Amino acid sequence: ENKPALIIEKALSYLPEDSEYVRVVTSVREFYQKHPEDWRSCRDYLDREFGYDRYPGVCHIIPNAGVCALALYYGGGDFARTIEIATMCGWDTDCNAGNAGSILGVINGPEGIPDRYRRPVNDFHAASSIAGALNNMDLPTKSRELAVMGLRLKGEKPETAIARGTFSDDRIFPCRVQPAD
């Protein structure tokens, strides 16, 4: 069972069938079904049919959505292989590997992520924003913050147990904001 393929199919069911996003992902799926061992040829196909030259801007979502789908299909549920393929495809490498890796992280859980990728991160979240002290925190705190935001967006009130400042392990790391020149 190829769980990433099932998730892709489910995700596509939420999008308009005539959208460019669905077109690129279904094109990658069809290529994969005909050539399941040749991700490099699929990347060449993506470049010919959905390359950056076909879309405005410097980093368009459609070619990169194709790369994410390509990596998920050809990676076959293997975390390392999937993010390596996403990276080797080029274009928006950090986002494509991060998006494909995030999907597999949810599917397989932490035990499905090789230690060589988990150990250096060590539950640390680093971001770049104007929020100063909130740029650096541990992953449990960041996950809780995102869960609270999601509940609030749905109009629900977070339980006290997940409200900010209720955990004894809250760790927000100090940092400095540099002035813009």
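Details
- Close contacts from the range 20-49, counting a first residue that is free of Cβ contacts under 8 Å to residues at least 40 places away in the same chain and a second that is not in a helix (DSSP H, G or I), with Cβ to Cβ under 6 Å and a gap of 6+ residues or different chains, come to V22/L15; S41/H35.
- Residues satisfying the stated conditions in the range 37-62, i.e. surrounded by fewer than 15 Cβ atoms within 10 Å (Cβ to Cβ) and part of a helix (DSSP H, G or I): R40, S41, D44, R48, D53, R54
- Residue match in the range 26-36 (condition: under 30 Å from S143 (Cβ atoms) and not in a helix (DSSP H, G or I)): no
- Matching residues, the range 86-107, being in a helix (DSSP H, G or I) and over 14 Å from the mean Cα position of the chain (by Cα): M88
Read-outs throughout are calculated quantities, based only on the coordinates presented, and are distinct from any laboratory measurement. Computed from a prediction, not measured in an experiment: that's the story for all the values here. Backbone-built Cβ (ideal geometry, glycine too); neighbour counts: all protein chains shown.
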